[in-house]
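Chemist: Take this structure, written in structure tokens, and hold onto it; I'll ask about it next.
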Amino acid sequence: MIFQTHQVDENIKSAYGLTTADINGDGLTDIVVGSTGEKTVAWYEAPTFEKRIISSEHPGTICLATHDLTGNGKLDVIAGSGFGRRDRSIIEYLHWFEQPEGDGEWKSHRIDTFPYIHRLASVDFQGTGEHALIVASIRGLVGDLDDWSDPGVLWLYEYPDDPYGDWPHYAIAEDLHLNHGLSVCDVDDDGRQDILIGARDGLIWYEPPAESLTDPWSKWVISETESSETWAYDIDGDGVNEILSIEPWHGNELVIYKCKGDIRRGPWERTIVDATLHRGHSIQAIDIDGDGVVELVCGYNGKPTSLHLYRPEGDGWVKEPIDDELGMGQMEVLDLDGDGRLEIVATGMSTGNVRHYSMQNE
């Protein structure tokens, strides 16, 4: 496959947090990015992706989501900021930016102090239009900078009627060590979204309760091998999702797990697709060219950097380059420009850039 590279921003240090949404309500999908290397949160207005600053006051913005919190029809931006593995002068926090009526930077409203915040997602778990906010920390505060034994927490925050006040929240899990990867997928294909976690404890999925999301969640362990990134997709078309994982933390192995029994209890067969990643940092499975065959899209941010895909061939996979000048932070695959074809949007954590990629006719 041949992809055309579109440069969105080539000058944003440690671009990391990423989400896409129609920020200004014009029917076009915009790109929202946060930096962990400078005090920048920005959105890029489609179709030209002109850069517009949301805030220049918040460092370490590692994760982002959007939601209309005030009910005025405009999307606001939820962010996890202050992230710094080495600089602990600021403790991480969860907050939201209120979209203003006109130009200028957006006002920040603090939700919670959240040490080592690392991932968040706004999710409609039941398909009813009612969203909840999932927030995860990579570790706790106990221990020195290189001690990752204090577990992180996976929290559920309810969207309150008054977003300026308190946000009710409940712990889904409090025992996740080195809790790095989080994806939201319908693992068991029951019409409800599940949470996939990649942690030192392994590859884990959390199934939402049948009634209230504040009831206990079911926990299912796919693998006890340390995991860094996760994704679920029916790769082979047999009607049962496979699970993708990058292993170990910031690891070199891209792995597929295929269930050989009950999807909640396994057993799971582990297959290594590639063992040559350099700090693997994002993975998706999707039929990106619409030919009925699923491809894998993956990135890493070590040297050398890479964004690439894997195309199935015979009993294995063929690795094809997309861009070796992007050191992956986060990635989304979607129809960005509304032409019916999928594009890849990615932040370059180690390369200081934001780019999107469209397929070209060969």
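Chemist: Considering only residues that are open to solvent by 20 Å² or more (accessible area, probe 1.4 Å), of a type in the set (Ser, Thr, Tyr) and modelled with pLDDT of 95 or more, look in region 66-112 and name the one that is nearest to Ser183 (Cα to Cα).
Modeler: Going through the qualifying residues, I end up with Thr66.
Chemist: From the set of residues in region 280-294 that are touching a residue at least 60 places away in the same chain (Cβ under 8 Å) and within 15 Å of Ile235 (Cα to Cα), which is most open to solvent (accessible area, probe 1.4 Å)?
Modeler: Looking at residues that are touching a residue at least 60 places away in the same chain (Cβ under 8 Å) and within 15 Å of Ile235 (Cα to Cα), I get Asp289.
Chemist: Same structure again: Mind listing whichever residues of region 306-340 are in a loop (DSSP other than H, G, I, E, B), at pLDDT 95 or above and either open to solvent by 20 Å² or more (accessible area, probe 1.4 Å) or among the aromatic types (Phe, Trp, Tyr) (or both)?
Modeler: Those that are in a loop (DSSP other than H, G, I, E, B), at pLDDT 95 or above and either open to solvent by 20 Å² or more (accessible area, probe 1.4 Å) or among the aromatic types (Phe, Trp, Tyr) (or both): Asp324, Glu325, Asp335.
Chemist: Right, here's the next one. Picking from Glu207, Glu211, which residue would you name as being open to solvent by less than 40 Å² (accessible area, probe 1.4 Å) and out of contact with any helix residue (DSSP H, G or I) (no Cβ under 8 Å at 6 or more places or on another chain)?
Modeler: Glu207
Chemist: Could you tell me which residue of region 41-95 is nearest to Arg139 (Cα to Cα), considering only residues that are assigned to a strand (DSSP E or B) and touching a Lys or Arg at 6+ places or on another chain (Cβ under 7 Å)?
Modeler: Ranking the candidates gives Tyr93 first.
Chemist: Sticking with this structure for a sec: Where the second residue is of a type in the set (Asp, Glu) and open to solvent by 30 Å² or more (accessible area, probe 1.4 Å) and the first is in contact (Cβ under 8 Å) with a residue 24 or more places away in the chain and lies in region 6-19, which pairs have Cβ atoms under 7 Å and are six or more apart or on separate chains?
Modeler: Lys13/Glu38; Leu18/Glu332
Residues checked against (1) closer than 30 Å to Val142 by Cα; (2) surrounded by fewer than 22 Cβ atoms within 10 Å (Cβ to Cβ):
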residue	(1), (2)
Asn179	yes, no
Cys185	no, yes
Ile195	yes, no
Ala199	yes, no
Trp217	yes, yes
Val221	yes, yes
Asn241	no, no
Trp249	yes, yes
Ile263	no, yes
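Chemist: Still on this structure: Mind listing whichever residues of region 13-39 are of a type in the set (Asp, Glu) and assigned to a strand (DSSP E or B)?
Modeler: The answer is Asp30, and nothing else.
Chemist: For Ile134, work out the one condition from (1) modelled with pLDDT of 95 or more; (2) open to solvent by 30 Å² or more (accessible area, probe 1.4 Å) it doesn't fulfil.
Modeler: Only one criterion is unmet by Ile134, namely (2).
Chemist: I'd like to check something: does region 39-50 contain any residue that is touching a Leu at 6+ places or on another chain (Cβ under 6 Å) and surrounded by 13 or more Cβ atoms within 10 Å (Cβ to Cβ)?
Modeler: Taking every residue of region 39-50 in turn, at least one turns out to be touching a Leu at 6+ places or on another chain (Cβ under 6 Å) and surrounded by 13 or more Cβ atoms within 10 Å (Cβ to Cβ).
Chemist: With respect to the numbered conditions (1) open to solvent by 10 Å² or more (accessible area, probe 1.4 Å); (2) farther than 22 Å from Phe125 by Cβ, which one is the sole condition not fulfilled by Asp234?
Modeler: All conditions pass for Asp234, except number (2).
Chemist: Answer yes or no: is there a residue in region 272-279 that is surrounded by fewer than 16 Cβ atoms within 10 Å (Cβ to Cβ), more than 23 Å from Cys185 (Cβ to Cβ), of a type in the set (S, T, N, Q) and modelled with pLDDT of 95 or more.
Modeler: yes
The values are calculated or read from the model by the stated rules, or taken from the named source; none is laboratory data. Since this is a predicted model, take the numbers as computed values, not measurements. A quick note on method: Cβ atoms are made from the backbone with ideal geometry, for glycine too, and the neighbour counts reach across all protein chains shown. Side chains included, ligands, DNA and RNA excluded: accessible areas come from the protein's heavy atoms. Shrake-Rupley method; radii C 1.70, N 1.55, O 1.52, S 1.80 Å.
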